[in-house]
Every structure is written in structure tokens, then in C-alpha cells.
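What follows is a set of notes on a single structure, which appears directly below.
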Amino acid sequence: GYFYSRWNRCIWSSHDLSDIVFIDNYIFNKDVYIQFNSTVGKYVGYTKHGVYNAELWNNNTDQLQSERAQVETVCKHNADIDQQTITDKS
């Protein structure tokens, strides 16, 4: 069989969240074939199929804007909640 998954995550290391990064991985059979990284600001393909899709998706401005917005709508929102939880327990 085949295994497809999509993992996304937010990474940050400071309390002010100025360095927060959103990463969205598309995985097929345990190999990342395409990735969006908010620091890069576009999709990057790691296989022939991934490069092909990255070119298509990077030309779709609505899709790129949606991915770029994830830093604010998902990452910073959840990071604020996590920071509050940590501060409340210390």
C-alpha cells in the first residue's frame, strides 16, 4: 500500500513570537515531496512530482496567501495560548 500524510507545525523560540515559522509538509511513503516554509514564502519540491506541484502551487496567489496567513491565524494564536498556559503554571 501507499502512505500519504500532511504534517504542519509552528516553530518558535522566543516569548515575543517574532521568529515564528510555519512549515507544511506533504509526505508520500515517509518522504517529504513538497514543503511550504513561511520563511521562504513559497513551496519547495524535493522530488520530480514535488517540483512539478510546487511550480503550480506557487503560481496560485490565493493558495500562497492562505499558506502565508497561517503564521498569524494558526501559529501565533496557538502560541499565545501555549505561552499563557506555561506562564499560569509557573
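Consider Thr85 against the criteria (1) more than 15 Å from Asn37 (Cβ to Cβ); (2) at pLDDT 90 or above; (3) not charged (D, E, K, R): it satisfies all of them except one. Which criterion is unmet?
(2)
Can you tell which of Tyr2, Tyr43 is open to solvent by less than 40 Å² (accessible area, probe 1.4 Å), free of Cβ contacts under 8 Å to residues at least 40 places away in the same chain and in contact with a strand residue (DSSP E or B) (Cβ under 9 Å, 6 or more places away or on another chain)?
Tyr43
When residues of the range 11-26 are filtered for being among the aromatic types (Phe, Trp, Tyr), open to solvent by less than 20 Å² (accessible area, probe 1.4 Å) and touching a residue at least 40 places away in the same chain (Cβ under 8 Å), how many remain?
1
Mind telling me which of the residues Val71, Val51 ends up being surrounded by 13 or more Cβ atoms within 10 Å (Cβ to Cβ) and modelled with pLDDT under 95?
Unique residue meeting the criteria: Val71.
The values are calculated or read from the model by the stated rules, or taken from the named source; none is laboratory data. The structure presented is a predicted model; accordingly, all values stated were derived computationally and were not measured. Ideal geometry is used to build each Cβ from the backbone, glycine not excepted, and the neighbour counts take in all protein chains shown. Surface areas here come from the heavy atoms of the whole protein model, side chains and all, with no ligands, DNA or RNA. Shrake-Rupley method; radii C 1.70, N 1.55, O 1.52, S 1.80 Å.
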